[in-house]
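A short write-up of the structure that comes next.
No value in this document is a laboratory result; all are computed from the given coordinates. From a predicted model like this one, the values you see are computed outputs, not experimental measurements. Because the Cβ atoms are built from the backbone with ideal geometry, glycine has one as well, and the counts that use them run over all protein chains shown.
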Amino acid sequence: MIDVQALQDRFGIAGHLAVKERNGGLPVVEIQTKHVTAAVCLYGAHVMEYAHRGGKPVLWMSNYSYHELGKPIRGGIPVCWPWFSAHPTDPSKPVHGFARLRIWTMLSTTLLDDAVEIRLGLLSDERTRMMWPHDFQIQYTVTVGRTLRTELFVMNTGTSAVQCTAALHTYFTVGSIRDIVVSGLDGIEYIDNLDNSVRKRQDGDITFDRETDRIYLGTRGPHLIDDKKLRRKISIEKSGSNSTVVWNPWILKSKKTPDFGDTEYETMVCVETTNAAEDVVKIPPAGSHRLGSTIALE
Ligand code: TA6
């Protein structure tokens, strides 16, 4: 298992960054600045928490989330890679790929002017090659400040071209799912995953009164969550992404999901920065792709 003390000794930044062992024994990087706090689990390179001091968390986390190897964490920003959703041909492979099920390596920590940056890495190995027969190197940069910037930098270190799909599968805290509006997708075509993948077109802003699971296509953002109950707006700016997923499980799916509380759907929404559906990323040998998201409270 990970030597947390050695990581703390090497990467800790007094008053701003500490590496600790948390629930389930997983190594977690706890970050604080004058204005914000955050927590990033090395398992899955998973941004679990992000909040402005004195405010409601920006990122949502289930009270029923697993925190154990082999099971994904429910909430925050799951890193879904090298495929989004179910594996295209092999149902035995994990949904949303293997990146969120691996312990990532700490590469660097940096104190910036009004933010803290950490860089995590994942390299192909015999286990990943069993899942996905290619070589890669990923650097995931998380910059925690008044905004939350995450960037997945994927390098193809193999000798053949690869293609992948992905998601920064972000769970946002909302006051009440029935009292939010998601804008920035008006007129955009989407695949309705709950209606036989029929393609439809978004008419105006998105509101929620049922299970919602849509892949919006040909959209580079930005998007806005207007939370009437919490009287705040969360903006999502994307880079390297031409699709966005909007998801809320609603009642039945929440009840059927062990790591989702029966009523937890009421205070969350996923607006995901993705390379999904036909927004497939093709990377030549020695090539790379950057998928990025910047989250800000308006
Ligand atoms: O992004 C939406 C989605 O693909 C939904 O269909 C639902 O499966 C969700 O992801 C959560 O997936 P997970 O494997 O984390 O339970």
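Taking the Cβ of each residue in Ser197, Ser293, Ser62 as the centre, tally the other Cβ atoms inside 10 Å and list the residues starting with the fewest. Could the numbers behind the result be given before it?
Details: Ser197 10, Ser293 25, Ser62 18.
Going from sparsest to densest Cβ surroundings: Ser197, Ser62, Ser293.
So for each of 49-55, 239-245 I average, over its residues, the number of other beta carbons within 10 Å; can you give me the resulting order with the highest mean first?
Details: 49-55: 15.6, 239-245: 22.3.
Peptide ranking by packing, descending: 239-245, 49-55.
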task: Go through 124-134, 273-283 and give me the packing order, highest mean Cβ count within 10 Å leading.
output: 273-283, 124-134
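Show me 74-87, 22-35 ranked by packing, highest mean number of other Cβ atoms within 10 Å first. List each step's numbers first, then the result.
Numbers: 74-87: 24.2, 22-35: 17.8.
Top to bottom by mean Cβ count within 10 Å: 74-87, 22-35.
Based solely on its DSSP helices, what 222 nm [θ] is calculated for the chain when runs of n ≥ 4 H residues each add -39,500 (n - 2.57) and the sum is averaged over all residues, nearest 500 deg cm²/dmol? Don't skip to the end; give the middle numbers.
Values: 3 runs with 21 residues, N = 298.
Taken over the chain, the calculation gives -2000 deg cm²/dmol.
Based on Cα coordinates alone, diagonalise the gyration tensor for region 4-297, multiply each eigenvalue by 5, take square roots, and list the semi-axes in whole Å, largest first.
Values: eigenvalues 148, 120, 66 Å².
Gyration-tensor ellipsoid for region 4-297: 27, 25, 18 Å.
Suppose a student asked you for the relative contact order of region 40-116, using Cα pairs under 8 Å spaced at least 6 residues apart; what percent would you report?
Once normalised by length, the contact order is 30 percent.
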task: Calculate the all-directions average of the projected area of region 131-242's alpha-carbon convex hull, and give it in nm².
output: 9.1
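Given contacts defined as C-alpha pairs under 8 Å and at least six residues apart, what's the relative contact order of region 4-297, whole-number percent? Write out the running numbers ahead of the final one.
Numbers: 792 pairs, mean separation 49.2, N = 294.
Across region 4-297, relative contact order equals 17 percent.
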query: Roughly speaking, what is the centre-to-centre gap between region 175-208 and region 62-127 when only Cα atoms are used, to the nearest Å?
result: 27
